[in-house]
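This report refers to the structure that appears directly beneath it.
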Amino acid sequence: MIEAGDAEKLREQLIKLQASSPAKPGMPLATIELSSLGGNLSEGIRIGELLRSFRVVAVVRKQDVCLSACALALLGGNTVRTAAAYPSDCNVEIGGKVAFHNFFLDRTALRDGTYDDPVASRLQGFADARGGAAMLIRYAADMGLTPAFVANLMARPVEEFQYVETIGEFLALNLCPVGLERPVLPMSHQAVNVCNNSLATPAPLSAFIVGPITAPQVRRYMLERVQDGMNAAKTRGKLADQLATWSVMRIQEEVDKLYDDLRAAGVALPELVGPTFEVSLNQSGRIRPACYVSLSPTDPDRYGVVLLGERGLTEAIRKPPANARRMFLFDHLTVANQRPSFDLLDVVRPDIEGRQAAPLSSGAVPRRPGAGE
């Protein structure tokens, strides 16, 4: 269990480690394995802040559980090295159970503090709950999470766990699973998923239409899209003249050179690493190209993607995690780490019966009257 004082103990150890074995530039200081049923809310948050500030990677192994306060601590352990490669800095081995739930106030501790004054008891309970909510909101913001994370957490009954299961949940929490293979889907379906994950707002999969672009024509086809955007914006200049020149756009060597030069100059063009697809969206009967995606057939973490907007080609709005780019090959609803088929509360109850939680706790609690407050 995560108890008062644990964060300070960890801080002391990390200071010693930093002094004896400092991290190399762009590398994490260490990897820490987390396995806990939960415990003190504020300590879990402090541990997460320590992991972030000392650049420590946190991992939950496949045989372990990390619940409540532990799951909050895990959010701070998502450091990524400069040259990230899957799965060096990922956080949850497939099979490990990570789950959040709402914090609670310990009835016994609250009663002991305000035994003779029921009004003071209610006021103290309200103040503690407000403080816990503020702590969660601030921590979520520091970890780069959306306000929806805290809202969903606090709206759930205290005994109801929110497991990290789907690709979308891993992405939203800036975590990634260890042991994720390439999806067993046609390359065209993977291209749709990359496109959908790159858009500002995901669309229903039924709204997408995808088609391949033949390899010999792909560079010329993409340069024509650049030309379309420049024409729509009525752009004039050397580049516009080059794209309009018959000799440049008809000679393959010139097309290849211009494509590579434009990419090097920062023009939004996909890296061509394999089969390339045009992914279109059907919106109310109007079909328009949305993305161009090129996929490596051998490396699931290597692909190129650009979007097509009203002003031409643009970079993707949402970016894949550097340490697990393969996650974008999946639909965000795909279950990557199945929740347990049994209730974890029934398993952990013997370990937590009789423990007195801190006034603000995020530990697993038994389902009995009063115990989860």
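Details
- Cβ-Cβ distances below 7 Å connect no pair with a first residue in region 52-70 that is in the same structural domain as Leu29 (by TED's automatic domain parsing) and crowded, with 18+ Cβ neighbours inside 10 Å, a second residue that is in a loop (DSSP other than H, G, I, E, B) and among the basic types (Lys, Arg), and a separation of six or more residues or different chains.
- Pairing residues of region 253-280 that are free of Cβ contacts under 8 Å to residues at least 12 places away in the same chain with residues that are part of a helix (DSSP H, G or I) and of a type outside the set (Gly, Ala, Ser), at Cβ distances under 8 Å and at least 6 apart in sequence or on separate chains, gives Glu254/Val248.
- The set of residues in region 296-328 being out of contact with any helix residue (DSSP H, G or I) (no Cβ under 7 Å at 6 or more places or on another chain), of a type in the set (A, V, I, L, M) and either loosely packed, with under 13 Cβ neighbours inside 10 Å or in contact (Cβ under 8 Å) with a residue 40 or more places away in the chain (or both) consists of Ala322, Ala324.
Matching residues to (1) assigned to a loop (DSSP other than H, G, I, E, B); (2) modelled with pLDDT of 90 or more; (3) touching a helix residue (DSSP H, G or I) at 6+ places or on another chain (Cβ under 8 Å):
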position	(1), (2), (3)
Phe170	no, yes, yes
Leu175	yes, yes, yes
Val194	no, yes, yes
Ser206	no, yes, no
Ile209	no, yes, no
Asp228	no, no, no
Leu243	no, no, yes
Ser247	no, no, yes
Asp261	no, no, no
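- Within region 152-168, considering residues that are in a helix (DSSP H, G or I) and touching a residue at least 60 places away in the same chain (Cβ under 8 Å), the one surrounded by the most Cβ atoms within 10 Å (Cβ to Cβ): Ile167
- Of the listed requirements (1) surrounded by fewer than 24 Cβ atoms within 10 Å (Cβ to Cβ); (2) aliphatic (A, V, I, L, M); (3) in contact with a Phe, Trp or Tyr (Cβ under 7 Å, 6 or more places away or on another chain), Leu41 misses just one: (1).
- Residues (surrounded by fewer than 15 Cβ atoms within 10 Å (Cβ to Cβ) and small (Gly, Ala, Ser)) located in region 180-224: Ala200, Ser206, Gly211, Ala215
- Being farther than 16 Å from Asn40 by Cα and modelled with pLDDT of 60 or more holds for only one residue in Asp142, Asp128, and it is Asp142.
The values are calculated or read from the model by the stated rules, or taken from the named source; none is laboratory data. These numbers were taken from a predicted model, which means no experiment stands behind them. A quick note on method: Cβ atoms are made from the backbone with ideal geometry, for glycine too, and the neighbour counts reach across all protein chains shown.
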